[in-house]
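Novice: Next up is a structure, given as structure tokens.
The values are calculated or read from the model by the stated rules, or taken from the named source; none is laboratory data. All values derive from a computational prediction rather than experimental measurement. All Cβ positions, even for glycine, are placed from backbone atoms using ideal geometry, and neighbour counts span all protein chains on display. Ligands, DNA and RNA are excluded from the accessible area calculation, which covers all protein heavy atoms including side chains. Shrake-Rupley method; radii C 1.70, N 1.55, O 1.52, S 1.80 Å.
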Amino acid sequence: IDAAGDMHLAFADAAIALLRAEAAKGNFLGGWFSLRFVGPSRAILSPEHSTMTCTAEFTALRTLSDTRSLLDKLEALARTFGATQHWAMCNDLRAADVTRGYPRLNTWRQTRLALTNNGAAHTFDNAFSTRVGLA
């Protein structure tokens, strides 16, 4: 989440409220929640493209029955705050999320076309890249 304003703080408050509400129902996150601040990256597909990005990280034990449901709810909540999901750590990344979250996506697509002989080579194609609009 871009940390230039206070959206990251509003998200953290909303995430804590969500976790408290779920705990009141007996659903607990068996892990932790952290905020990390990072500067911009030059990488084309980096989610850190603003002057300061706040990364919210939720870690929980996969074997607990509440984990997947809570992480799904937190991911959906983050989306409402304009968060860019981590490629490998999300469950419900959508093509619209990729388009919104990666402003240099067209640069990557042009580079991909050059590397794949205008799409003839399928080196970078898989179910994930197709689902999120990268293939």
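Novice: Using only the Cα atoms of region 1-74, what are the Rg and Dmax in Å?
Specialist: 14.2, 43
Novice: Still on this structure, I have one more. Work out the length of the dipole vector of the chain about its Cα centre, built from +1 on the beta-carbon of each Lys and Arg and -1 on the beta-carbon of each Asp and Glu, and round it to the nearest 20 debye. The partial results should precede the final answer.
Specialist: Working: 14 positive and 12 negative charges, 64 e Å.
That gives the chain a dipole magnitude of about 300 debye.
Novice: Rank by packing, highest mean first: peptides 40-47, 96-103, with packing defined as the count of other Cβ atoms within 10 Å averaged across residues.
Specialist: On the way: 40-47: 13.4, 96-103: 15.6.
Top to bottom by mean Cβ count within 10 Å: 96-103, 40-47.
Novice: Leaving out ligands and nucleic acids, note down the accessible area per residue over the chain with a 1.4 angstrom probe, in whole Å².
Specialist: Details: 8230 Å² over 135 residues.
Accessible area per residue: 61 Å².
Novice: If you find the alpha carbon centre of region 1-43 and of region 115-135, how far apart are they in angstrom?
Specialist: 32
Novice: Right, another one. Kirkwood hydrodynamic radius (Cα pairs, Å) of the chain? Display every interim value, and only then the final one.
Specialist: Working: mean 1/r = 0.0611 Å⁻¹.
Result for the chain, one decimal place: 16.4 Å.
Novice: Additional query: Roughly how many percent of the accessible protein surface of region 1-128 is carbon and sulfur, given a 1.4 Å probe and a whole-percent answer? Write down the numbers at each step before the final one.
Specialist: Details: 4610 of 7900 Å².
Answer for region 1-128 is 58 percent, counting heavy atoms of protein chains only.
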